[in-house]
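Here the structure comes first, spelled out in structure tokens, and everything after it is commentary.
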Amino acid sequence: MDEPIFKEAPAVRAAADVRMRGFSHRATVQQVLAWLDQQPVTESTEMVATIQAAGRVLCDEICSSVDVPGFDRAMMDGYAVQARDTAGASMYNRLPLMIVGQSLPSVGFSGEVQRGQAVRIMTGAPLPAGADAVLPAEEVTAEQDRILASGEVPPGKHVGRRGEDLRAGAVMLRAGRRLRPQDIGLLVSTGAVSVPVRRRTRVRIVSTGNELLPPGSLPTGYQIVDSNSSMLTALVVRDGGEVVAVDRVPDQPSEILAAMRSSADIVLVSGGSSVGQEDHAPVLVAEHGELAIHGVAMRPSSPVGMGRLDGRLVFLLPGNPVSCLCAYDFFAGRMVRQFAGLSPEWPYRQELLPLANKLVSMIGRVDYARVTMRDGAVIPLAIGGASMLSSTTVADGFVIIPADSEGYPAGHQVRVYCYDGPTTAVP
Ligand code: AMP
Ligand code: MG
């Protein structure tokens, strides 16, 4: 079995400017998680239209204001009768009942069913006064103005009682519930027009790099297309957040700082997070806020940083796309989900399977190994290659190798986090 990667440890403070000096110290993944778990989580509420609330997290308990259904109704097409009038009816003892009217959905029958009488009724139509059961059409021979009952029904048969789905005042859904499609249906059935939910985490993405072209461009010359901002947007939406803006800025300190300072709950900066001459964001966060973490003992994503600026969380994600994905998943996503009222844990389905080949790692760092699964076994693909995003699209998922492990032999059972298997879907 693989070891847990989440252990308690004190957080460390990053050095202010490590440009071109390399990382003298790297925090452990556990230290980073411990720092994140100390950060305040804003819990804001908003009212949203019930019909648009699927996937949102309820803030309050919701009670039904009405009985559902609001009336006794037929559950079958047939005849509303007094059950006792059918006592003893069979194919060999057909009992006559007079048809005195009909009850259709929403229209009903205004009279009262007396002994010896029947009212033609459709599924969903109100049960007329006086009747206490519905005799299904299959158990009846209909004539001009009467029926011959060939079956017996007890009182209450094929009748849906008022309030049998929901009673007025009953708790329908509890606070913290992530609304499912059927929850939306239930809420709407009670007339609930809007519901109180956690506000989506407002995330600003700042994509840095002189070489970046906007999504939708064809890469030309020495330029590449900014794929990270689109990938991050999809990750944020998956985690219950909304991207309020994507700022694409050159490696210019003043522009990066201005973009990082604009309003949001969480700022994700892509690129320029390391110790190169063009890596400005860590210095800016250290100078104008608090750079709590810079450099983590993991692969990929080692040049990740994070801290606070103007009271909000800032994540400095490496530009290499696999590092960007991994750093988001390890650290930023944890906070995006919590601000949205969701569990901090990964929204990935997990599978425990044996390794087909050995998986080699290095002591002292956490490794994020992309793997495929074939015939019930796990095939390692890559640990390095942070620039090759295709390693994550070919992969079925990933395996985390903790810092104190050199890896695992073939046959060792590992936990695979499956990319395609979110335990929760987000609209
Ligand atoms: P950096 O983290 O800025 O040093 O960038 C590391 C590598 O990631 C470089 O090859 C960049 O060109 C690439 N890169 C940076 N930002 C992005 C982005 N938004 N989308 C795709 N690749 C990027
Ligand atoms: Mg860059």
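The values are calculated or read from the model by the stated rules, or taken from the named source; none is laboratory data. Just so we're clear, the structure is a prediction, and the values are computed from it rather than from any experiment. A quick note on method: Cβ atoms are made from the backbone with ideal geometry, for glycine too, and the neighbour counts reach across all protein chains shown. Note: accessible area is taken over every heavy atom of the protein model, side chains too, but ligands, DNA and RNA are not part of it. Shrake-Rupley method; radii C 1.70, N 1.55, O 1.52, S 1.80 Å.
May I ask you to verify whether Ser227 is near ligand 1 (Cβ under 10 Å from one of its atoms) and hydroxyl-bearing (Ser, Thr, Tyr)?
Details: near ligand 1 (Cβ under 10 Å from one of its atoms): yes; hydroxyl-bearing (Ser, Thr, Tyr): yes.
Against the criterion (near ligand 1 (Cβ under 10 Å from one of its atoms) and hydroxyl-bearing (Ser, Thr, Tyr)), Ser227 qualifies.
If Leu257 satisfies all but one of (1) closer than 22 Å to Ala14 by Cβ; (2) within 14 Å of ligand 1 (Cβ to nearest atom); (3) part of a helix (DSSP H, G or I), what's the number of the condition it fails?
(2)
Do you know which of the residues in region 59-75 that are under 28 Å from the mean Cα position of the chain (by Cα) and not polar (S, T, N, Q) is surrounded by the most Cβ atoms within 10 Å (Cβ to Cβ)?
Residue satisfying both the conditions and the ranking: Ile62.
With Arg238, Arg204, Arg180 as the choices, which residue is open to solvent by 40 Å² or more (accessible area, probe 1.4 Å), of a type in the set (D, E, K, R), assigned by TED's automatic domain parsing to the domain that holds His280 and under 22 Å from the mean Cα position of the chain (by Cα)? So that I can check it myself, show each step before the final result.
Numbers: Arg204 fails: open to solvent by 40 Å² or more (accessible area, probe 1.4 Å); Arg180 fails: assigned by TED's automatic domain parsing to the domain that holds His280.
On inspection, the qualifying residue turns out to be Arg238.
Being in contact with a helix residue (DSSP H, G or I) (Cβ under 8 Å, 6 or more places away or on another chain), open to solvent by 30 Å² or more (accessible area, probe 1.4 Å) and not assigned by TED's automatic domain parsing to the domain that holds Ser273 narrows it down to one of Pro155, Pro126, so name that one.
Pro155
Would you confirm whether or not region 409-417 contains a residue that is in contact with a strand residue (DSSP E or B) (Cβ under 8 Å, 6 or more places away or on another chain) and closer than 30 Å to Ala53 by Cα? Before the answer, list the steps.
The initial filter retains those residues of region 409-417 that are in contact with a strand residue (DSSP E or B) (Cβ under 8 Å, 6 or more places away or on another chain), namely 409-417.
In the following step, the residues that additionally are closer than 30 Å to Ala53 by Cα were identified as 417.
Within region 409-417, one or more residues are in contact with a strand residue (DSSP E or B) (Cβ under 8 Å, 6 or more places away or on another chain) and closer than 30 Å to Ala53 by Cα.
Would you say Leu173 is surrounded by 19 or more Cβ atoms within 10 Å (Cβ to Cβ), at pLDDT 95 or above and within 30 Å of Asp60 (Cα to Cα)?
On the way: surrounded by 19 or more Cβ atoms within 10 Å (Cβ to Cβ): yes; at pLDDT 95 or above: yes; within 30 Å of Asp60 (Cα to Cα): yes.
In short, yes.
Keeping to region 207-229, report how many residues are touching a helix residue (DSSP H, G or I) at 6+ places or on another chain (Cβ under 8 Å) and open to solvent by 40 Å² or more (accessible area, probe 1.4 Å). Let's see the steps before the verdict.
Looking only at region 207-229, we keep the residues that are touching a helix residue (DSSP H, G or I) at 6+ places or on another chain (Cβ under 8 Å), and these are 207-208, 215, 227-228.
After this cut, where a residue has to be open to solvent by 40 Å² or more (accessible area, probe 1.4 Å) as well, the list is 215, 227.
Result for region 207-229: 2.
Could you please find all residues in region 200-230 being within 16 Å of ligand 2 (Cβ to nearest atom) and of a type in the set (A, V, I, L, M, F, W, C)? Before you say what the answer is, go through the steps one by one.
Kept after step one, since they are within 16 Å of ligand 2 (Cβ to nearest atom), are these residues of region 200-230: 205-214, 219, 222-229.
Scanning region 200-230 gives Ile205, Val206, Leu212, Leu213, Ile224, Val225.
Can you tell me which of Ala403, Ala410, Ala356, Ala377 is touching a Gly at 6+ places or on another chain (Cβ under 8 Å), at pLDDT 95 or above, over 22 Å from Asp239 (Cα atoms) and outside the structural domain of Asp226 (by TED's automatic domain parsing)? So that I can check it myself, show each step before the final result.
Details: Ala410 fails: touching a Gly at 6+ places or on another chain (Cβ under 8 Å); Ala356 fails: touching a Gly at 6+ places or on another chain (Cβ under 8 Å); Ala377 fails: touching a Gly at 6+ places or on another chain (Cβ under 8 Å).
The match here is Ala403.
Among the numbered criteria (1) buried (at least 22 other Cβ atoms within 10 Å of the Cβ); (2) out of contact with any Leu (no Cβ under 8 Å at 6 or more places or on another chain), which one does Arg374 miss?
Of everything listed in (1) buried (at least 22 other Cβ atoms within 10 Å of the Cβ); (2) out of contact with any Leu (no Cβ under 8 Å at 6 or more places or on another chain), Arg374 misses just condition (1).
Return only the number of the condition from (1) under 25 Å from Ala332 (Cβ atoms); (2) open to solvent by less than 40 Å² (accessible area, probe 1.4 Å); (3) away from ligand 2 (no atom under 15 Å from the Cβ); (4) out of contact with any Cys (no Cβ under 9 Å at 6 or more places or on another chain) that Val197 does not satisfy.
Tallying (1) under 25 Å from Ala332 (Cβ atoms); (2) open to solvent by less than 40 Å² (accessible area, probe 1.4 Å); (3) away from ligand 2 (no atom under 15 Å from the Cβ); (4) out of contact with any Cys (no Cβ under 9 Å at 6 or more places or on another chain), Val197 fails exactly one: (4).
Please go through region 253-263 and pick out each residue that is of a type in the set (A, V, I, L, M, F, W, C) and open to solvent by 20 Å² or more (accessible area, probe 1.4 Å).
Leu257, Ala258
Check off (1) within 22 Å of Arg312 (Cα to Cα); (2) within 16 Å of ligand 2 (Cβ to nearest atom); (3) open to solvent by less than 50 Å² (accessible area, probe 1.4 Å) for Pro250 and give me the number that stays unchecked.
(1)
Here is a list of conditions, (1) part of a loop (DSSP other than H, G, I, E, B); (2) farther than 30 Å from Thr141 by Cα, and Gly88 meets all of them except one; can you say which number that is?
(2)
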